[in-house]
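What follows is a short report on a single structure.
Each reported figure results from applying straightforward, stated rules to the coordinates on display, with no laboratory input. Everything quoted here is computed from the prediction, not taken from an experiment.
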Amino acid sequence: MATLSHSVLPCNSPTHRVIEHSGTWQGFRGFIARYVDDHFTVVVLMNLVDAERVYIAHKIAGIYDPALTPTKTEKQEEEE
């Protein structure tokens, strides 16, 4: 029986509240970021184990609102 790993994390920036959730199941990975004050949600689903799903989700959010664009530091933290 496969287990689903998950967590719901409130990750607040100075100007945007965001609730994030990630999980994996049978080789698939997912990530959701809900920008509460912006009424905006990004969902990333993939089956590539090395993909940077959190960084990708935040980059997509940055297309919607440039203030949400991740910094290089965020990408480096995810790689560690």
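For Cα pairs less than 8 Å apart in space and 6+ apart in sequence, what is the mean separation divided by the residue count of the range 5-71, i.e. the relative contact order in percent?
In percent, rounded to a whole number, it is 20.
Quote to one decimal, in nm, the extra length available between Asp65 and Val49 on full extension: 0.36 nm per residue of separation minus the C-alpha distance between them. Mind showing how you got there, number by number?
Values: separation 16, 0.36 × 16 = 5.76 nm, distance 2.74 nm.
Here the answer is 3.0 nm.
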